[in-house]
Each structure stands twice: as C-alpha cells, then as structure tokens.
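Taking it in order: structure first as structure tokens, then the write-up.
The values are calculated or read from the model by the stated rules, or taken from the named source; none is laboratory data. Quick caveat, the model's predicted, so the values are computed rather than measured. Don't worry about glycine lacking a Cβ; one is built from the backbone with ideal geometry, like all the others, and counts go over all protein chains shown.
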Amino acid sequence: MDVISAIGPGSDLLPNNTIDGYQPVSRNGEVTQNAFIDGFQWNTVIDKTRGANALEGTAGRFDRERLGDEPAPAFHEWASVQPGFICVFQKNRSTRYRHHASAETATPVIACAQLLSDQNNSMYQFAGICRSKSIRDYDDVANGMKRDEFFTLHIGGPVTLLNNGNDVIQQGDAVEWTFMDTRDTLTLPKRQKVGPRRIQVRKAKTSHRRVFGKALGYAKRGEPLDVLVGWASM
C-alpha cells in the first residue's frame, strides 16, 4: 500500500516554507478569532487501548483499507499548529463545552488529520486558517502547559496557505477542505519522518458546506496559495 501523507507548512519535504521566496498576501481586511486545540478530540479520535479510530460506527464504516496501519501520533505532534494549517471543529459540541469559560471567547479546534478519513468529513466544520503558532512540548501531558495554548485563526479575508492536495488550483477556483484526498498517491520512504497528516485543501467541484473560499492565484501541489476565505462562487 502507498504511504498516505498530507504535509503542512514547515515540512522538511518542501524546498522552502510558505514564507521563504514568496511574498505573503496582504492582511488588510482580515478577520480573526481566538482558538485552542480541542483536547477532548484526542480521546475521541484515538482509542489508546485499541490503537484504532474510536469514531468507527459513528461516521460510517471505518476506512481501514485506505488508512492501513496508520500509527497514532504523539500528543505534542497532534496538538501543535503552525501558520497556514487548516483547522476544523466538531459539530454539536455545545454540551461538552457548556461550562468551559475558555470556549466562550475561543473556538476548540483540531488541525491534524491522522486516523481520520473522508468518511469523517461530515462530522466537522471549517473553523479557519491558523495565523499564529502553538507548539507543544513532548512532556506537556505529564507536566502541564509551559506556554499559552491559545492561538489565532484567520476566518475572513485573504490568507496564504499551502496547496497540500493533489489538484492544480487556479485563480477563481472554489476550494474545500478534506481529511483525506482519495486520489492521494504520494509515496515516501518508509523511514521518512514527515509528522502526522494534515487537513488538505483541494479544488471544489460542487457547492457544499466544506467550501471555505476562493483561490486568488495559481498553485501546483506543494506551492503557496492565496485564498479569499469566506467567499466562494461555483
């Protein structure tokens, strides 16, 4: 089976990151919101006793054929975010965060697609594009956070992210997010350390709730892409 991987900004596999050699789009008119990583999702997505997807049976049949033996990521890798990462939140989370003061002013999100397939897309909704990093240390679980866990999301206006899907995206295309592009054919050496899979962006072929913006330029896979978040026309 081919190794499935959706890299994100800052990956060692890229010739440069989203900043080097590229002028980021203007931030004039951008709309932002505070966010934090939804720790409850760590236990929901990853069943530590079985090492399998705990959403099996909830969002349809677990897609073992495509995910194969995908390992569970370390928590500090799963919970770390960098600028340009696509973030989503779980639908119908109001009961869980009803009494959490942090959720009154910030959105609980996830930015990792590990152990999630496109069968789980319908359970989540677009939250925004990360604009400030939140890097966790490997021992945060045992010793607690060493820094502010909050970061900011870009939820409106132009933003620069990485085209980590399989499509060539052209100016004017509506774009969508997905946990897994079933057409993904990227193969990597078995010992290549690439980190956990990230949520992908790709050209939208129909209008639906996962469409989150319109491309402002042209980008092949692995190239930076400017997107107008919050506006799309099919």
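Give me the residue from the range 134-166 that is in a loop (DSSP other than H, G, I, E, B) and buried (at least 21 other Cβ atoms within 10 Å of the Cβ) and, out of that set, modelled with the highest pLDDT. Out of the qualifying residues, it is 163. Can you name the residue in the range 182-234 that is more than 18 Å from residue 167 (Cβ to Cβ) and among the basic types (Lys, Arg) and is also modelled with the highest pLDDT among such residues? Across the range 182-234, the extreme among qualifying residues is 209. Each residue in the range 90-103 was checked for being among the hydroxyl-bearing types (Ser, Thr, Tyr) and at pLDDT 70 or above, and 2 of them qualify.
Hey, can you tell me all the residues within the range 89-123 that are among the small types (Gly, Ala, Ser) and surrounded by 21 or more Cβ atoms within 10 Å (Cβ to Cβ)? Correct list: 111, 113, 117. Of the set (1) crowded, with 20+ Cβ neighbours inside 10 Å; (2) at pLDDT below 95, all apply to residue 128 but (2).
Would you confirm whether or not the range 170-181 contains a residue that is at pLDDT 75 or above, assigned to a loop (DSSP other than H, G, I, E, B), more than 21 Å from residue 208 (Cβ to Cβ) and in contact with a His (Cβ under 7 Å, 6 or more places away or on another chain)?
no
When the range 197-216 is limited to residues that are over 17 Å from residue 120 (Cα atoms) and polar (S, T, N, Q), the one that is surrounded by the most Cβ atoms within 10 Å (Cβ to Cβ) turns out to be 207.
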